[in-house]
Structures are given as C-alpha cells and as structure tokens.
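The values are calculated or read from the model by the stated rules, or taken from the named source; none is laboratory data. Bear in mind the structure is a predicted one, so any value in this text is a computation, not a measurement. Counting neighbours? That spans all protein chains shown, and the Cβs are built from the backbone with ideal geometry, glycine included. Quick note on the areas: whole protein, heavy atoms, side chains included, nothing else; ligands and nucleic acids left out. Shrake-Rupley method; radii C 1.70, N 1.55, O 1.52, S 1.80 Å.
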Amino acid sequence: MTIYTGPVFEMARTQFAIIADHLEIPHDERARLLYPKRAITVSVPIHMDDGRTEVFQGYRVQHHLTLGPTKGGTRFSPDLDIGEVAALAIWMSWKCALAGLPYGGAKGGVACNPRTLSMRELEAVSRRYMQEMIPFVSPQTDVMAPDMGTNEQVMAWFMDTYSVHQGHAVTEIVTGKPVAIGGTVGRREATGRGVAYLVGRACDTIGLKSQNATAIVQGFGNVGSVAAYTLAARHGLTITGVSDHTAAYYDPAGLDIAAIEKHVAANVTLAGYSAEAAIDPAELLLQPCDVLVPAALERVITADNAARIRCRILAEGANGPTTPDADAILDQRNDEIFIIPDILANAGGVIVSYFEWVQDLQQLFWSETEVNTRLETLLEGAYQQVARRARADGVSNRTAAMAIGVEKVRAGKRLRGLFP
Ligand code: NAD
C-alpha cells in the first residue's frame with residue numbers, strides 16, 4: 001500500500017524496477033531506495049482578489065537524506081498531485097547522484113494555475129506555501145528551486161518569507177533566485193545551456209555536424225527557450241519547430257528564434273506569432289529533424305508515437321517525457337536514435353543550483369565564465385560516465401544513467417547503515 005499513485009509515479013516505479021533488476025538489487029532493499037523519506041501535504045489558504053478565500057493544496061516530497069540535504073524544484077500546475085511530486089523527487093535523486101552532487105532529491109508544488117492568478121494572488125500563494133513548509137525545510141535539510149510555473153520572482157518571495165521568519169537574510173534556502181538577492185549568474189539559463197552542450201556532445205558521438213542539423217523544441221519556457229536559442233546561436237543548428245501550451249510552429253526552412261523571443265517577451269505566449277507556420281501540436285513531435293527536445297511536460301513520447309518520431313538525437317529537457325512503454329520501442333531503434341535521458345540532459349539546472357547554494361553558504365560569488373566552465377566540466381563527466389556504462393553493460397543511455405544514480409544512493413545507504 002502506498003499513498004503515491006498516478007501515471008507519473010507508476011513511470012518512476014517501473015523505471016526503478018528495470019534498474020533494480022539490472023543491478024540485481026535484492027528485493028528487500030528496493031523499497032528503501034524507492035519510497036520517499038517524507039511527504040508533506042499542506043493547505044494553502046489565500047484571499048483572492050474578488051474577496052473569496054480559496055484553499056490550494058501544496059506538497060513537498062523529500063526522497064532521501066542519505067547524502068546531504070534534499071534539493072528540488074517547485075511546480076505550480078493545476079493537476080499536480082502527490083504521486084507526480086514523488087516521481088519528480090525520485091528522479092532528482094538519481095540525477096543529483098549521477099552529477100556527483102551532495103544531495104538527495106526533492107520536489108514540491110501547489111495545485112494551482114499560475115496563469116489565471118493575479119500577481120498579488122501568486123505572491124500570496126507563494127508566501128503562504130513557504131510559510132507552511134518552514135518546519136520542514138532549511139539550507140541543511142531541503143533547498144527549493146523553480147520548476148514549471150514558478151520563476152525567479154517566486155523564489156524571491158520564498159526566500160523573503162523564510163528570512164523574515166528567521167530574522168535575517170537566508171539566501172541559501174532557495175536557488176534560482178534573482179542575482180540581486182544572492183542568486184548566481186547563469187542559473188536561469190543553466191538547464192537550457194546544459195541541454196545544448198550535451199546535444200553538441202551527442203552530435204560528436206554520432207558524427208553529426210551541428211551546423212547542418214535541425215532541431216524541434218517542445219515547450220518555450222525557461223528550459224525550451226534557452227535550449228532553442230543556445231542550439232542556434234552557439235551550435236549553429238537550424239530550429240525548425242517550437243511549441244508552447246498555446247501554439248506550435250514548424251518551418252523546414254527554419255524559424256527566426258530572435259523574432260519568436262521578441263514575440264513571447266511582448267505577448268507572454270507563442271499564440272499569434274505566425275499563421276503560415278502553425279501546425280497541430282501533436283504533429284510537431286513527428287516532423288523529421290536531427291534533434292528533438294521535449295522541454296515541457298512528462299509523458300509526451302508514448303507507445304502511440306514512439307515508433308513515428310523521426311530524429312537522430314532525443315534530448316530530454318523535460319523530466320519524464322518518455323514513458324517506459326515508449327522506451328521499449330525506442331530501445332529497438334537504438335541504432336537510429338541517440339537518447340540523452342532526462343536525468344542527464346536537464347541536469348544543468350540542479351548543477352548550477354548547487355553552485356548557487358555553495359556561493360551563498362560561502363558568500364563568495366563567481367563570474368559567469370566560472371559558472372559555465374564548471375557546469376560543462378560536471379556535465380562532461382556525467383556524459384562520459386553514461387557513455388562508458390552504456391557500452392560496458394550493453395544497455396541504453398537511460399538505463400546506464402539511472403544505474404549510476406541508483407548505485408551511488410545505494411552505496412551511501414549501505415555505508416551509513418540502517419538505524420537503529
Ligand atoms: P516553464 O513553466 O518555464 O515552461 C514550460 C513550457 O512548457 C511553457 O512554454 C508552456 O507553455 C509549455 N507547455 C505546457 N504545456 C505544453 C504542451 N501541452 N505542449 C507544448 N508546450 C507546453 O517550465 P520549465 O522550467 O521550462 O520546465 C519545463 C520542463 O523542464 C519541466 O519538465 C521541468 O520539470 C523540467 N526542468 C526544468 C528545470 C529548470 O531549471 N527550470 C530543470 C530541470 C528540468
């Protein structure tokens with residue numbers, strides 16, 4: 001029996017079972033590795049602008065505390081539930097371990113639609129959520145960050161709420177905050193930059209010239225927009241497709257990313273950018289391209305479309321974009337499609353969050369060049385570990401990446417022992 005239910009948690013559980021079988025982990029050790037240490041559910045009541053009181057549900061799941069504090073993003077999304085949050089926390093654990101960060105995974109969020117809240121209501125939800133979480137978080141136990149539906153401003157409200165409670169500024173309680181209040185340069189761009197760096201490495205691996213390559217990016221938020229921009233500006237790819245929750249565009253001759261960014265800066269979403277390039281969002285993922293970057297939601301590459309995606313590199317900017325059923329199909333297409341699995345592809349975000357936490361603890365701040373150089377060093381190390389492991393074990397990149405992550409957490413638990 002578990003409180004963690006739903007399709008996203010089932011995905012995390014199925015993936016873990018595959019890895020546990022591969023590593024031949026005894027059955028009595030598995031639950032200790034998979035199930036979260038703590039799950040917190042809170043009611044978040046706020047005054048709405050129209051005078052009503054509305055109560056939102058807030059969650060935080062801390063997966064394991066074996067290697068240090070937990071670390072993970074905060075998601076504001078209407079259908080959020082505890083199973084989804086737990087799955088994301090579990091994936092964070094394997095991701096942090098793969099990158100060699102001294103963290104367990106966590107995730108949290110509020111079941112609300114930030115797009116329909118006014119700025120004042122969003123601030124109220126953010127502050128009240130953090131207020132409710134104060135007994136359960138600290139820079140030594142659990143450090144929050146942004147995720148879908150939250151941003152630097154939300155992190156600033158979190159940090160302020162926690163700091164007011166402590167009586168002094170505690171910048172290290174959250175990462176992904178504005179640089180002016182202890183954030184690090186390069187954090188906002190880190191996840192997308194990391195995706196682009198690893199796509200560059202994958203191009204080298206499969207012998208694809210990035211200057212001649214095309215890319216389609218699903219999601220044009222923090223991760224997707226920076227990934228698209230960096231792939232084009234730094235690696236010379238032509239971006240042929242982009243989408244968000246309002247629109248999808250495809251042009252085999254290439255889209256003008258600078259013009260699209262301008263449009264989003266002025267209009268918030270992609271809607272209304274172009275009538276000629278508009279395409280059915282479900283069709284976008286099926287268009288031929290060299291690099292496909294899902295950077296929006298989980299479970300978008302499924303058993304229904306996995307046989308029909310036409311890319312050479314699948315770079316998973318989003319968490320959990322590929323279901324285990326789809327994975328089984330993609331495994332058969334191993335020679336055609338090189339997968340950079342989510343826990344590697346989007347690790348740039350938590351790596352630079354780690355840099356931010358370290359800088360805040362030391363009150364010693366780095367230049368953007370130093371941040372980016374260290375980011376690439378850690379990503380390169382993780383990429384090479386995954387490539388070596390996939391070759392040595394004859395498994396997919398996803399199995400290799402997760403096996404490394406699970407093994408590190410398992411080794412930590414074994415060394416520390418079981419109390420009492
Ligand atoms: P965001 O809120 O900034 O952007 C999400 C984007 O996805 C928006 O453009 C939204 O319109 C789009 N979107 C939503 N539903 C869509 C749909 N059905 N079709 C197409 N687009 C859709 O969020 P983000 O921070 O960019 O996160 C995106 C993904 O990356 C999530 O899976 C998140 O967990 C993961 N991720 C984020 C970070 C980070 O640092 N922000 C780090 C690691 C992983």
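A few remarks follow.
- Listed by position, the helices (runs of 4 or more DSSP H) enclosed by the stretch 330-413 that each have at least 2 residues that are over 24 Å from LEU208 (Cβ atoms) are 348-362, 368-393.
- Restricting VAL293, VAL300, VAL268 to residues that are within 12 Å of the ligand (Cβ to nearest atom) and free of Cβ contacts under 8 Å to residues at least 24 places away in the same chain narrows the list to VAL268.
- Listed by position, the helices (runs of 4 or more DSSP H) enclosed by the stretch 1-120 that each have at least 2 residues that are closer than 26 Å to TYR383 by Cα and open to solvent by 60 Å² or more (accessible area, probe 1.4 Å) are 7-22.
- The number of residues in the stretch 221-239 being open to solvent by 10 Å² or more (accessible area, probe 1.4 Å) and either within 29 Å of VAL358 (Cα to Cα) or at pLDDT below 95 (or both) comes to 8.
- Condition check for ARG128: open to solvent by 20 Å² or more (accessible area, probe 1.4 Å), assigned to a loop (DSSP other than H, G, I, E, B), among the basic types (Lys, Arg) and modelled with pLDDT of 95 or more: no
- Residues that are in a helix (DSSP H, G or I), within 16 Å of the ligand (Cβ to nearest atom) and more than 19 Å from SER138 (Cα to Cα) within the stretch 153-193 comprise GLN153, VAL179, ARG187, ARG188, GLU189, ALA190, THR191, GLY192, ARG193, listed in sequence order.
- Residue in the stretch 309-326 that is open to solvent by 50 Å² or more (accessible area, probe 1.4 Å), out of contact with any helix residue (DSSP H, G or I) (no Cβ under 6 Å at 6 or more places or on another chain) and under 24 Å from ALA232 (Cβ atoms) present: yes
- A residue that is farther than 24 Å from THR230 by Cα, in contact with a Gly (Cβ under 7 Å, 6 or more places away or on another chain), in contact (Cβ under 8 Å) with a residue 60 or more places away in the chain and not hydroxyl-bearing (Ser, Thr, Tyr) can be found somewhere in the stretch 134-144.
- Scope the stretch 252-262; condition out of contact with any strand residue (DSSP E or B) (no Cβ under 6 Å at 6 or more places or on another chain) and open to solvent by 30 Å² or more (accessible area, probe 1.4 Å); matching residues: ALA253, ASP256, ALA258, ALA259, GLU261, LYS262
- When residues of the stretch 194-216 are limited to those that are in contact with a His (Cβ under 9 Å, 6 or more places away or on another chain) and not small (Gly, Ala, Ser), the one farthest from the ligand (Cβ to nearest atom): GLN211
- Condition met for ALA247 (modelled with pLDDT of 95 or more, within 11 Å of the ligand (Cβ to nearest atom) and open to solvent by 40 Å² or more (accessible area, probe 1.4 Å)): no
- Residue in the stretch 230-237 that is in contact (Cβ under 8 Å) with a residue 40 or more places away in the chain, more than 17 Å from THR191 (Cα to Cα), in contact with a strand residue (DSSP E or B) (Cβ under 9 Å, 6 or more places away or on another chain) and more than 11 Å from the ligand (Cβ to nearest atom) present: yes
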